[in-house]
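Shown below is the structure under consideration.
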Amino acid sequence: MSSRSRIALVVGALAIVACEVPDHPNKASSQPVSTFSIGPQPGPDRALAVAVNPYHGDKSVVADGRRWFNYYNCSGCHGDHAGGGMGPSLRDSTWFYGGEEHSIFASISEGRQYGMPAWGTKIPPDQIWRIVTYIKTLRTPDEPDPPR
Amino acid sequence: MPCVASLGSMQRVQLICAAVVVASSWSCKPEPSRSTGSMSASVGTAPQVSNGEVDSSADDGQWVRPAKDFASTRFSGLTEINATNVKNLRPIATFSTGALRGHESAPLVVGSTMYVITPYPNVVYALDLTKPGLPAKWSYNPKPALASQGVACCDVVNRGLVFDAGKLFFNTLDNRTIALDANSGKPVWETQVGDINLGETMTMAPLVAHGVVLIGDSGGEMGVRGWLKGLDENSGKVLWTAYHTGPDKDVLIGAAFRPFYPQDQGKDLGVSSWPPDAWKIGGGTMWGWISYDPQQDLIFYGTANPGPWNHEVRPGDNKWTSTLFARKPTTGEAVWAYQLSPHDIHDYDGINEQILVDLPIGGQTRKVLIRPERNGYVYVMDRTNGQVLSAEPYGFVNASAGVDLKTGRLKYNPEKEPKLGKVVREICPAAPGMKDWQPSAYSPRTGMLYIPHQNLCMDEESLSANYIAGTPYVGMNVKMYPGPGGNRGELEAWNPQTGKQVWAVKEDLPVWSGAVATAGDLVFYGTMDGWFKAIDGRTCAPLWKFKVASGIVGNPIAYKGPDGKEYIAIYAGIGGWLGAMAFPDVSLDDPYTALGGAGAVPDIKSKTTMGGILYVFSL
């Protein structure tokens, strides 16, 4: 696959994602949609539209998220309990590309330049949100199957 | 010897340590009856031996390939630094590489220039040995793809450069082999040989034999189909590719193929010893060391583990993974093969070094190949035909019960076989093996092989593995901990003639550096907490040590400078599979992290920090 067609696929996947994500309540009509800010936002108005996790805080999907985390081999790089290895730890407090739920979603969907694959072509958005919900439970009392 | 019981909460480990305290742990005692013999290392540029004395004038003082000579002895004939004066060794120059990850390579010395390569981004530096402080003459940055870092299983290491006919050859993490003009640092050619989207990376040091640059791939944990390629050293053209799975025509098995044992004889075993199509994603990569015997015109090297680690999905011998090959360098044609670990079940890659020497065995001099293998045995093999002459354990092994010398077959212990959904405990050695890639040194003066290695055991639980190209394909939970005795590593002196340990210097942490032996009868190696050490190669007496800036996983060398003096050089720079546990982006609250690496060295973060620095020492 050429890099151009790869980009086209990713962009296509993102467009789908944007459709399925509920609008942020603060979203102003003049602002672009589906903006995942990783870096700082310049200027006075910092209320960029962000995607919202439909399962935010929903403990009922956490075990399912862990299942997808293993199924898609996230555990292969980030560790069985996301402690790191080939990829960085997701258990610690360091987030290279933002630790907010929408940022984690974007990292999974779009990939990151140091080797994180762009899973938006492979994992449906609903499953990505479940994985995100699981990741947010790491090192909390809600973490399913914590390391022993 | 400190007991490391505090490392694990398991009662088992505490019991092991208690046993050790009783048994007195320090075993660095020379064996009075050891034989120094008159064996000769007659291959390549290995020094000529006469009555056990090495003529240092026969050693040109350079270090032009990773293992010094084609025979891979990592033995220097230099004698200036010896047991009497090594206490005066001091650093004369240091050089920061600007890279932070694991520095697993050896510097090269060609004429009056030293060449080093960093882990990703694989920058090559030429240092001027004629000037104080060893200033850089040039550097070359191949700018590997950023994303290649995410595909490397076990840190973004590089195991070194090789020099031949005016050029330097090396591999980049994103699968390019590059030739540089050694004088100018300008690229002569560059060949793309692999694809990160398939999970391939490259970390090994090439060897040049007969004008052919020999290279292999990494990615056995990513469902990669492994290979070795031969490239024309002048043009970079791929002359041949020998896959390590699949039909004979892909493996370059033809009319000349004469394996010694029936287990390795038959047509297209690389297909029939797998479930349908599993060989296409079956591993058998080649990220370790190659030796060359110019007299036979044969190269020797081994292949890595089969994939996935969950062995229940790949019934059969899984040829030609964990297999030793003898091939013709110009055509790649296989001459013999021997599968060290058929149907490997514990990640026992077969990529370790092989040392080519001639040894008196059973009253006659045999052309042998010595391999301290990951599965826990030192193999002494007839390198003319692939016969195993002996295979003795060099540490505690319970995963198997030796090698059947009649059939050549490894005798697995069925009790230690991993099962889906069941935790199998106390498997020894652990997945990195009794010894991983870190190379041994052999001294023809003492007749001893100096083996840096681990002492780790593990619990394993098979999981279902889902093949997604470019992502891990493993299917195993691994938890590692110290083996019997509690020390996690040692530098062991081994007599390949008797198949017995002579002595061992125990180390708390795994010894993940290579070793070098010199005609001054010294052995140098480093520890993961950053001590660079010299010991007496005959008595194992500790003679000198120096604390470097970061843990050592590099390979030391000895060379003669333009001023005629002897120098010792080593990389500091923690990393590699276990060393990566020192990195800040790894959490250690889960012992299963990094395929069990976190459980093996949970204390490493408190004992060293990242940083790549070259150290050069002299009297």
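I'd like the per residue volume of the convex hull spanned by the Cα atoms of the stretch B:203-303, given in cubic angstrom.
Details: hull volume 11.4 nm³, N = 101.
Here the figure is 113 Å³ per residue.
Also, quick follow-up: For a quick protection proxy, order the peptides B:529-537, B:231-239, B:172-180 by their average other-Cβ count within 10 Å, most packed first. Walk me through the intermediate numbers first.
Details: B:529-537: 22.3, B:231-239: 17.0, B:172-180: 24.0.
By packing density, highest mean first, the sequence is B:172-180, B:529-537, B:231-239.
When the gyration tensor of the stretch B:555-600 is built from Cα positions, what are the square roots of 5 times its three eigenvalues, in whole Å, from largest to smallest? Let's see the in-between values first.
Numbers: eigenvalues 277, 16, 6 Å².
Whole-Å semi-axes of the equivalent ellipsoid: 37, 9, 5.
Also, I was wondering about something else. Can you list the equivalent-ellipsoid semi-axes of the stretch A:65-148, largest first and in whole Å, using the square root of 5 times each Cα gyration tensor eigenvalue? Walk me through the numbers on the way to the answer.
On the way: eigenvalues 63, 39, 32 Å².
Semi-axes, largest first: 18, 14, 13 Å.
Something else: Given a cut-off of under 8 Å on Cα pairs at least six residues apart, what relative contact order in percent is computed for chain B?
Values: 1944 pairs, mean separation 102.3, N = 619.
Normalised by residue count, the contact order of chain B is 17 percent.
Then there's this: Which value, in Å to one decimal place, does the Kirkwood hydrodynamic radius take for chain B when every pair of different Cα atoms is included?
Numbers: mean 1/r = 0.0422 Å⁻¹.
Averaging 1/r across every pair of different Cα atoms and inverting gives 23.7 Å.
Roughly how compact is the stretch B:136-239, stated as its Cα Rg over 2.2 N^0.38 Å to two decimals?
Working it through for the stretch B:136-239, the quotient is 1.03.
Report the normalised scattering of the stretch B:356-497 as log10 I(q)/I(0) at q = 0.10, 0.16, 0.17 Å⁻¹, calculated by the Debye formula with identical scatterers on the alpha carbons.
Results for the stretch B:356-497 at q = 0.10, 0.16, 0.17 Å⁻¹ read -0.41, -0.92, -0.99.
Oh, and also: Can you give the average number of partner chain beta-carbon atoms within 10 Å of each beta-carbon in peptide B:465-477, as a whole number? Show your work: numbers first, answer last.
On the way: counts 2, 5, 1, 7, 1, 3, 9, 9, 2, 3, 2, 1, 2.
That average works out to 4.
Taking each residue in B:576-584, count the Cβ atoms of any other chain within 10 Å of its Cβ, then average. What number comes out?
On the way: counts 0, 1, 0, 0, 3, 3, 0, 3, 5.
What the average comes to for B:576-584 is 2.
Average the reciprocal distances over every distinct pair of alpha-carbons in the protein assembly as shown, invert the result, and give the Kirkwood radius in Å. The partial results should precede the final answer.
Details: mean 1/r = 0.0378 Å⁻¹.
Taking the inverse mean of 1/r over all distinct Cα pairs, the protein assembly as shown comes out at 26.5 Å.
If you don't mind, there's one more thing I want to ask. Of the options B:Q454, B:Y261, B:N310, report the single residue whose Cα projects farthest towards the positive end of the charge dipole of the protein assembly as shown (beta-carbon charges: Lys, Arg +1; Asp, Glu -1).
Of the candidates, B:Q454 comes out farthest on the positive side.
Can you give the average number of partner chain beta-carbon atoms within 10 Å of each beta-carbon in peptide B:588-600, as a whole number?
Details: counts 6, 9, 13, 5, 8, 11, 8, 5, 2, 4, 7, 0, 0.
For this peptide, the per-residue mean of nearby foreign Cβ atoms is 6.
Would you compute, from DSSP H runs of 4+ residues alone, the mean residue ellipticity of chain B at 222 nm, taking -39500 (n - 2.57) per run and dividing by the full residue count, rounded to the nearest 500? Don't skip to the answer; put the middle values down first.
Working: 5 runs with 29 residues, N = 619.
Using -39500 (n - 2.57) per qualifying helix, the result is -1000 deg cm²/dmol.
In angstroms, what radius of gyration and Dmax does the stretch B:183-233 have, counting Cα atoms only?
Cα-based Rg and Dmax for the stretch B:183-233 come out at 12.6, 39 Å.
Another one. Arrange B:H311, A:H81, A:H102, B:H210 by Cβ neighbour counts within 10 Å, fewest through most, would you?
Working: B:H311 23, A:H81 27, A:H102 20, B:H210 14.
The order, fewest Cβ neighbours first, is B:H210, A:H102, B:H311, A:H81.
Taking a 26 Å limit on the Cα-Cα distance, which of the listed pairs B:K68/B:K229; B:K533/B:K607; B:K249/B:K435; A:K122/B:K319 fall beyond it? Each step should come with its number before you reach the end.
Values: B:K68/B:K229 22 Å; B:K533/B:K607 17 Å; B:K249/B:K435 32 Å; A:K122/B:K319 32 Å.
Flagged as over cut-off: B:K249/B:K435; A:K122/B:K319.
Starting with the highest mean, order B:392-401, B:248-257, B:519-528 by the number of other Cβ atoms within 10 Å, averaged over the residues of each peptide.
Numbers: B:392-401: 20.1, B:248-257: 16.7, B:519-528: 27.0.
Output ranking for B:392-401, B:248-257, B:519-528: B:519-528, B:392-401, B:248-257.
So, one more: Any chance you could count the Lys pairs in the stretch B:360-422 whose alpha carbons are under 28 Å apart, treating pairs 8 or more apart or on different chains as valid?
Details: B:K367/B:K406; B:K367/B:K411; B:K406/B:K416; B:K411/B:K419; B:K411/B:K422.
Lysine pairs, 8 or more places apart or on different chains, close enough: 5.
Each value in this text was obtained by applying a stated rule to the coordinates, not by laboratory testing. What you are looking at is a predicted structure, and each value in this text was computed from that prediction instead of being measured. Every residue, glycine as well, gets a Cβ built from its backbone with ideal geometry; the counts of neighbours run over all protein chains shown.
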